[in-house]
Amino acid sequence: MFKKGAWIIGVLYLLTVGLHASLYAQGPTVTASVDKNKILLGEPVLLTLEIRAPAADKVQPLKLDSIPHFEFLSKDSIAKEDTDGQQVIRQYFRITSFDSGRWAIPPIVLSAEAKTASILMDVVFTDPFDPSQPYHDIQDIRSVPFKLGKQFEKWWYMVALLLIMITLAVYWMTGEKRPRAEAKVYKSAYARAKQQLEALKASKVPENRFYARLVEILRAFLSERAGVNSLQQTSGDLVEKIKPLFTDESLYHSLEQVLALCDLVKFAQYDPEDAEAQSAYEVIQKGVDHIEEGIRHAAKLKKEERAHSVTESGEVIHKK
Amino acid sequence: MAKTGEEIRQLNEKIVGAGYFVDALRKEIGQVIVGQHHMLDRLLIGLLSNGHVLLEGVPGLAKTLTIKSLATAIQADFNRIQFTPDLLPADVIGTLIYNQQQNEFVVRRGPIFANFILADEINRAPAKVQSALLEAMQERQVTIGDHTYKLDDPFLVLATQNPLEQEGTYPLPEAQVDRFIMKVIVRYPEMQEEQLILRHNVQGERLPPIRPVVNIQEILDAKSLVRDIYLDEKVERYILDIVFATRYPGRYQLEKLTPLISYGASPRGSINLALAGKAQAFLNKRGFVIPEDIRSVIYDVLRHRIGLTYEAEAENIAAENIIDEVLKAVNVP
């Protein structure tokens, strides 16, 4: 009884060991090799990675993204071939290193059983090492000026000539039809304000807009002509600022009232009478005229002052 | 809310009628306080727009006297709380105390239960006391034990702050300063004004007692009118442009301000600018807000809401300079 049992256990043991060995023999193998084990700084080296496995096995390709102390110059695509019931997956990498020293490409692992052996690499900056040589540092990348190859030159000239001909043809065909742009006539701030006031009078804008536009015209005129920072001033501030420009007190007060009326219309939904609109328009118009006149008069006086200078005794000296 | 021209006209008339007390108050308080018209107007704006005012300035500028006089002239309650490092929240809002005779805890209300509170030297108290006060200011109610008590209306807190470089102070954090509708800088009086002050105090010229010129109900009615004051969309847009220019100076051709501002005014800044603008319009007896109203309150409303960078501080640039530049760049509607 005991002998029979021992015999069964022995058979089972042999079966298990045999099966395991056969399975192990059929598993994938991975190898890595380099074309040289010693390189100069920055010299490329070809790393070949090869996986061999039974044709029926599903083998995931290795993902090799980085190797310490080495940099990848290029990666070839994965090549796969089947020979004698075996599949061979192969990939080439061109790597290099800028670190001098003895470095190891560590084992590349596919599975616990399948991994490459580590590869020792010597990275040297001179070969053979000559301590008498001066130290050469790595230089910056130099820019090379663009230069068209000789073989392309004639094509280049032909394309340029063709473009010029097309441009001339387009201009010749369309040039006469195009209306000529009117020469821009420079208008003074005063002329523009007057023109805008005329345009406002002719247009039929809503009342709210009419008053807003009226003030806009005055503000723009003051900003340009009198150098008053009028667009960023409230009506109250503006009234104070323009006071020195007025010699006519009553006109100044009328303008003050018109600006207050405009604020009422703009900010309090006030609905003014038609007569008020007409009156406001006239005051702004007169105000613009008055300011322009004042500025011109002041400029004239200044010019005369520059032309004549009076001595203490009252004698006038004419300057040339 | 959109209003017609006629409604605004009617509101205008109401305000002219209801705003009589403004002049009366100015006159009455002016008999006791020399100068400081700006501070009094800002207190009225705070009162009418339901906000609180932070005053910064050296001691001895009649801050206490002004608010006390205002309270008397309005017939309102006034309490002064001197903030010190050992002050506790219960000292401000109140607490529960044990009554031996009745054998129960009873509520003892703190000094915050008044219409006008002068929180003197608020930056001398630790953060928890400041928080208790600021929370009460915001919520307008306090909780003692299990009960919540509404604070009286009107409720105006006037907090004073000494210059921050003094030792032993707890500067108010930006988020808490933002709760004040305005930060008013109280300046020294003019020489002529100080001469008058001198006479009143040294030569024994007796000051007339403050007489009540308006009652609380009239103030509450005025507050209700202030809320109704018309704020046109164009003025709203002007406020937003100003506030946005403090946040994104580059959008308003103010790139030079970008390295000087660490943070711009908050949405509370826009809200308070509009509220203070309405109250300013009321003081000017107008039923609608114009850009001038906004500009006249802008420094007090925004100065504590604009954060400056170290670069700005190194160049001695104050929030007022930033506001100046913003006003120069933003177009008035």
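Taken together, the values in this text are just the output of simple stated rules run on the coordinates, not laboratory data. Computed from a prediction, not measured in an experiment: that's the story for all the values here. Every residue, glycine as well, gets a Cβ built from its backbone with ideal geometry; the counts of neighbours run over all protein chains shown.
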Q: Express as a percent, rounded to the nearest 5, the fraction of DSSP beta bridges in the protein assembly as shown (both residues included) that run antiparallel.
A: 70 percent
Q. Picking from B:K14, B:K256, B:K63, which is most flexible by a Gaussian network model of chain B using Cα springs under 10 Å?
A. B:K256
Q) Averaged across the residues of A:266-276, what count of C-beta atoms belonging to other chains lies within 10 Å of each residue's C-beta? A) 5
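Show me B:209-215, B:136-142, B:270-276 ranked by packing, highest mean number of other Cβ atoms within 10 Å first. If you can, show how the numbers build up before the last one.
Details: B:209-215: 14.6, B:136-142: 16.3, B:270-276: 22.4.
Per-residue mean Cβ counts within 10 Å order the peptides as B:270-276, B:136-142, B:209-215.
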Q) What does the charge dipole of chain A about its Cα centre add up to, to the nearest 20 debye, if the Cβ of each Lys and Arg holds +1 and the Cβ of each Asp and Glu holds -1? A) 1080 debye
Q: Subtract the Cα-Cα distance of A:L148 and A:S203 from 0.36 nm times their separation in residues, and report this length gain in nm to one decimal.
A: 13.5 nm
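Hey, with R₀ at 30 Å, roughly what FRET efficiency would A:T83 and A:L120 work out to, going by the Cβ-Cβ distance, to 0.05?
Details: r = 30 Å, r/R0 = 1.01.
Approximately 0.50, to the nearest 0.05.
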Q) How high is the FRET efficiency from B:E104 to B:L240, r the C-beta distance, R0 56 Å, rounded to 0.05? A) 0.55
Q | Computed over the protein assembly as shown, the ratio Rg/Rh where both radii use C-alpha atoms and Rh is Kirkwood | A | 1.24
Q) What's the Kirkwood radius of segment A:189-310 in Å, using all Cα pairs? A) 15.1 Å
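Gain in length, B:T84 to B:L196, computed as 0.36 nm per residue apart minus the alpha-carbon separation, to one decimal in nm?
My answer for the length gained is 37.0 nm.
Mind running the shape call on chain B? Use the C-alpha gyration tensor, a ≥ b ≥ c as the square roots of the eigenvalues: rounded below 1.5 for a/c, prolate if a/b tops b/c, oblate otherwise. Present the calculation step by step, with values, prior to reporting the outcome.
On the way: a/c = 1.40, a/b = 1.23, b/c = 1.14.
Because its axes are fairly even, with a/c under 1.5, chain B counts as rounded.
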Q.
Between segment B:168-205 and segment A:147-165, what is the separation of their alpha carbon centroids in Å?
A. 81 Å
Q.
I need the P(r) histogram for segment A:72-148: all alpha carbon pairs, bin width 5 Å from 0 out to the longest distance, whole percents.
A. 3, 9, 11, 16, 15, 13, 10, 9, 7, 5, 2, 0
Q: State the Kirkwood hydrodynamic radius of segment A:27-124 in Å, one decimal place, computed from all pairs of distinct Cα atoms.
A: 14.0 Å
Q) What does the average come to when, for each residue of peptide A:210-219, you count the partner chain Cβ atoms lying within 10 Å of its Cβ? A) 1
Q | Relative compactness, segment B:20-133, computed as alpha-carbon Rg over 2.2 N^0.38 Å | A | 1.25
Q) Which value in deg cm²/dmol, rounded to the nearest 500, describes the helix-derived mean residue ellipticity at 222 nm for chain A, given -39,500 (n - 2.57) per DSSP H run of n ≥ 4 and division by the residue count? A) -15000 deg cm²/dmol
Q: Have a look at the DSSP beta bridges in segment A:27-124 and tell me what percent are antiparallel, nearest 5.
A: 90 percent
Q | Contact order relative to length of segment B:189-333, as percent, for alpha carbon pairs under 8 angstrom and 6 or more apart | A | 27 percent
Q. How many nm is it between the label spots at A:W156 and B:T95, if each spot is 7 Å from the Cα in line with the beta carbon?
A. 9.1 nm
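Compute the relative contact order of chain B as a whole-number percentage, counting only Cα pairs closer than 8 Å that sit 6 or more residues apart in sequence.
Once divided by the residue count of chain B, the mean separation gives 23 percent.
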Q: Take chain B, connect every pair of alpha-carbon atoms lying under 10 Å apart with a spring to form a Gaussian network, then pick out the residue of B:I181, B:I122, B:I93 with the largest mean-square fluctuation.
A: B:I93
Q. Over chain A, what is the mean sequence separation of C-alpha contacts under 8 Å (at least six apart), divided by residue count, expressed as relative contact order in percent?
A. 11 percent
Q | A:K241/B:A127 FRET efficiency (R0 45 Å; Cβ-Cβ; nearest 0.05) | A | 0.45
Q.
Counting just the Cα atoms, what span does chain A cover along each of its three principal axes? Round to the nearest Å and put the largest first.
A. 142, 69, 60
Q | Per-selection Kirkwood Rh - segment B:229-329 (Cα, Å, 1 d.p.) | A | 13.7 Å
